[in-house]
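The values are calculated or read from the model by the stated rules, or taken from the named source; none is laboratory data. Everything numeric in this text was worked out from a predicted model, so none of it was measured. Virtual Cβ from ideal backbone geometry, glycine too; neighbours counted across all protein chains shown.
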Amino acid sequence: MVWHELTGHLQVLYGAVAALVVVVMLTPAVGGMARLLGAVDRSEPGRRPGRGVPRLGGLALFLGVFVPALAFLPIHGGMRGILLGAAVATTVGAVDDFRGLRWWEKLAGQVAAAAIPVGFGVWVHTFTFPFIGRAVLPTELGTTLTVAGIVAVMNMVNFLDGLDGLAAGVCAIAAGSFALIDLSLGRPDAAILTASVFGACLGFLRHNFYPARIFMGDSGALLLGFTLASVSVEGLLKTATLVALVLPLLVLAVPLIDTGFVVAKRIKHGQPVYVADRAHLHHRFENIGFSQRRAVAYLYGWCATLAAAALATRFAPPHQHGDWNPMHLAIDVVVGVAALGASVYVVYLLEIVKLANPFIRRREELARAAPERRSA
């Protein structure tokens, strides 16, 4: 039993290392292919200034995830559905990177990708609601919520991909956290896949951190969002406890908050939800004078404190088997205060500093009024 657990843990490590090596080695070749095909970044509203940087980096990320999966995972059942769906998500994103898709075409592709793992049984069958308890979801409701949730996370990561290295770094933090939690829950297959995503993101940062030599594009953003969401369902949400709700929301809080804020802003100003703008958190950091590196570092730090809170909730529960653990309670309080402090500090930077500086307010107004021609 101990040997079996040790082997499973080593496979998680092997998956992460293999993914990192594959992505580091293949990304330059993918970038060269993207240049030959003309898939390079150009100036567009709500995006980075066009620098002629190749896109399609998601193809390297896909191979970084897929190769370890073939080596270390049993390709059947839910895992087969997740990998097939990941291939479809990457393909939809690659087509959008290469020739562009209308918003409804991309959404249809996302729904098709999300429906594949659901068809293989990866959907939320039961759920634990706070103060209510465990509930068994009807098939229609469970499958619909799962597809909607996967599509939502795909778009969250896509929205977050606005600065060099931002989406890859945040997804690395999320995937690493999920891998540890999956291992603790006795779900080694999910842990191997999330560890592979972690390694792939770290390898991609070698080429994507500012100044980026390649962008992941929609192919990478949709792949990462799809994989994190579907593995959350397979590895976490099938555990009928409150932890299934709390941990994914904490780990993915930064893209969730960013998306919620942007969608609310667009609705408030009567703009279509699917168009690009510069209301994202990373753009607002730039508006108050932060460099790309500094903005990304702050968002990394914020995401890391929230992920630490999720890990503390899992590994240091203050109340267990009817007894309180003072040491665990102290750990949770310290980590929780750090996460709350980081969140308050971000609000202070983006809201209080802006209110005190009319130049920053004017710059945000101009950015919001700029022409918006492309879907986010």
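The table below lists the values:
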quantity: Residue check, Gly322 small (Gly, Ala, Ser), touching a helix residue (DSSP H, G or I) at 6+ places or on another chain (Cβ under 9 Å) and either over 30 Å from Lys106 (Cβ atoms) or touching a residue at least 12 places away in the same chain (Cβ under 8 Å) (or both); calculated: no
quantity: Matching entry among Ala168, Ala191, Ala212, Ala174 (being of a type in the set (A, V, I, L, M) and not in a helix (DSSP H, G or I)); calculated: Ala212
quantity: Test: residue in segment 163-172 that is modelled with pLDDT under 95, under 20 Å from the mean Cα position of the chain (by Cα) and under 21 Å from Val263 (Cβ atoms); calculated: yes
quantity: Any hit, segment 310-327, residues being within 19 Å of the chain's Cα centre (by Cα) and not polar (S, T, N, Q); calculated: yes
quantity: Leading residue by the ranking (surrounded by the fewest Cβ atoms within 10 Å (Cβ to Cβ)) among those in segment 105-120 that are small (Gly, Ala, Ser) and free of Cβ contacts under 8 Å to residues at least 24 places away in the same chain; calculated: Ala108
quantity: Filter result for Arg102 (within 23 Å of Ala279 (Cα to Cα), at pLDDT below 95 and surrounded by fewer than 22 Cβ atoms within 10 Å (Cβ to Cβ)); calculated: yes
quantity: Of all residues in segment 181-210 being polar (S, T, N, Q) and crowded, with 20+ Cβ neighbours inside 10 Å, the one that is nearest to the chain's Cα centre (by Cα); calculated: Thr194
quantity: From the options Arg293, Arg278, residue that is among the charged types (D, E, K, R) and modelled with pLDDT of 85 or more; calculated: Arg293
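Conditions tested, residue by residue: (1) more than 30 Å from Phe209 (Cβ to Cβ); (2) small (Gly, Ala, Ser); (3) surrounded by fewer than 23 Cβ atoms within 10 Å (Cβ to Cβ).
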site	(1), (2), (3)
Val124	yes, no, yes
Phe127	yes, no, yes
Glu140	yes, no, yes
Thr143	yes, no, yes
Val147	yes, no, yes
Ala152	no, yes, yes
Cys171	no, no, no
Gly176	no, yes, yes
